[in-house]
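A.B. asks: Here it is, the structure, as structure tokens.
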Amino acid sequence: MQFRRLEEKSKTVTLTRDLFAHAMEMHKAGKIEAALASFRKVAAREPMNSPALHWIGYLHNQRGEYDQAVDVLKRAIVERPGVLLTTSHWPNRSEISAS
């Protein structure tokens with residue numbers, strides 16, 4: 001019984017990693033909608049997945065959806081306080097400040 005639960009969890013982790021990798025590939029290919037959909041699936045499976053939340057916020061920012069970006073990024077920070085993801089891909093890093 002314990003082995004089955006570990007096996008199921010392992011499959012979920014693998015599927016989540018694959019989904020995250022797919023989302024990254026979609027972003028690199030410029031397919032923002034597909035990337036956003038995949039990152040949202042990761043966050044739906046793992047609500048505390050700060051990197052997925054970070055990317056969802058970043059993609060909202062790219063689309064000019066600033067209120068949604070801020071909401072999701074705040075959630076990413078709340079879920080994993082003290083974890084600072086790189087901001088090197090943000091266009092105006094000088095405008096980003098801790099409030």
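A.B. asks: Would the range 23-75 count as rounded, prolate or oblate if I go by the C-alpha gyration tensor, calling it rounded below 1.5 in a/c and otherwise prolate when a/b exceeds b/c, oblate otherwise?
C.D. replies: Numbers: a/c = 2.19, a/b = 1.09, b/c = 2.01.
Because a/c hits 1.5 or more and a/b fails to exceed b/c, the range 23-75 counts as oblate.
A.B. asks: Per 0.36 nm of contour for each residue apart, how much would the distance between A29 and K74 grow if the chain were fully extended, relative to their Cα-Cα spacing? Intermediate values should be presented prior to the final figure.
C.D. replies: On the way: separation 45, 0.36 × 45 = 16.20 nm, distance 2.68 nm.
Additional length available on full extension: 13.5 nm.
A.B. asks: Right, next: Among I56, I32, rank each residue by its count of other Cβ atoms within 10 Å, from fewest to most, as a rough exposure measure. Mind showing how you got there, number by number?
C.D. replies: Numbers: I56 26, I32 14.
Going from least to most buried by this count: I32, I56.
A.B. asks: I want to check the label-to-label distance for D67 and M48. Put each point 7 Å from Cα in the C-beta direction and report it in nm to one decimal.
C.D. replies: Label at D67, label at M48, 3.0 nm between them.
A short reminder: the numbers here are calculations on the coordinates, not readings from a lab. Bear in mind that the values here come from a model prediction, so they are computed numbers and not experimental data. Here Cβ is always computed from backbone atoms with ideal geometry, including for glycine, and neighbour counts include all displayed protein chains.
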